[in-house]
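The values are calculated or read from the model by the stated rules, or taken from the named source; none is laboratory data. What you see is a predicted model; the values in this text were computed from it and never measured. Heads up, the Cβs are rebuilt from the backbone with ideal geometry, glycines too, and the neighbour counts pull from every protein chain shown. The protein model used for the area step is the full one, side chains on, heavy atoms only, and it has no ligands, DNA or RNA in it. Shrake-Rupley method; radii C 1.70, N 1.55, O 1.52, S 1.80 Å.
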Amino acid sequence: MVNFAPYFVAAKGEATVEKVADHVEMIAKVAGKKHVGIGSDFDGIESTPAGLEDVSKYPNLFAILIKRGWTIEDLSGLAGGNFLRVFEGVERVAREMRAEGAKPSMMLYSKRPDLPVERPEMRDL
C-alpha cells in the first residue's frame, strides 16, 4: 500500500502528486501493478503532498498515471481491487485454517528488534 506521507515520497518540501505517482510506479515496477494499492494514511499524517491533499484529489493522481500508460484495469486495482483480491485469499485461508482447528500463533518474529521480548507463557496459545 502506498503511503502518501511526504517524507516517504520525496525530499523535504518536494512532495507533490507527481512524486507520489513516481512512488506508485516504482513500487509497481518492483512488485507488479497487481500488487500495489493506495494506503494514503490521510488520518495519520500531518501534511500531504501538493495536489493530493485529500481523497477528492485522487483524480489528479489517476490522471498522471493514465498519461504514463496505466489502464483503467490497472487503476481499478490500485484504487482497491488489488486489496480486495488479496483479502479474498486471506479470508479463504482463514476459513480453511479454522475448519482444520488451527489456533492463532502468538510467536514473535525473532528478526524484528523493535518487537517485545517473547513471553514463554504465550508460546502454546
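What size of dipole, in debye to the nearest 20, comes out for the chain about its Cα centre when the only charges are +1 on Lys and Arg C-beta atoms and -1 on Asp and Glu C-beta atoms?
Approximately 380 debye in magnitude.
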The percentage of the accessible area of the chain (probe 1.4 Å, all protein chains present) made up of carbon and sulfur atoms, to the nearest whole number, is 58
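Quick one: if the Förster radius is 22 Å, what FRET efficiency do Ser47 and Arg85 give, using the C-beta to C-beta distance and rounding to 0.05?
Values: r = 31 Å, r/R0 = 1.43.
About 0.10, to the nearest 0.05.
Once you order the gyration tensor axes a ≥ b ≥ c over the Cα atoms, which shape class does region 30-74 get: rounded for a/c under 1.5, otherwise prolate or oblate by comparing a/b with b/c?
Details: a/c = 2.58, a/b = 1.50, b/c = 1.73.
Since a/c reaches 1.5 but b/c is at least a/b, the shape of region 30-74 is classed as oblate.
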Label model pair Met1, Asp54: point-to-point distance (7 angstrom along the Cα→beta-carbon line) in nm is 2.0
In this structure, the FRET efficiency calculated for Ile66 and Tyr109 from their beta-carbon separation, with R0 = 35 Å, to the nearest 0.05, is 0.35
Expected max-MSF residue from Gly32, Gly51, Gly80 in the GNM of the chain (alpha carbon, under 10 Å) is Gly32
Loop-resident trypsin sites (Lys or Arg not before Pro) in region 1-57 with no more than 13 other Cβ atoms inside 10 Å, DSSP not H/G/I/E/B, are Lys12
Of all lysine pairs in region 1-113 that are eight or more residues apart or on different chains, those with Cα atoms under 28 Å apart total 18
Ignoring chymotrypsin sites (Phe, Trp or Tyr not before Pro) buried by more than 15 other Cβ within 10 Å or outside DSSP loops, the longest site-free run in the chain is 43-108
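On average, how much accessible surface per residue is there in the chain, in Å², for a 1.4 Å probe, leaving out ligands, DNA and RNA? Could the numbers behind the result be given before it?
Details: 8930 Å² over 125 residues.
Computed with neighbouring chains in place, this is 71 Å² per residue.
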On the formula 1/(1 + (r/R0)^6), with r taken between the Cβ atoms of Ala99 and His35 and R0 of 30 Å, the FRET efficiency rounded to 0.05 is 0.60
Longest principal axis of the chain (C-alpha) makes with the long axis of helix 58-67 (C-alpha) an angle, in degrees to the nearest 10, of 70
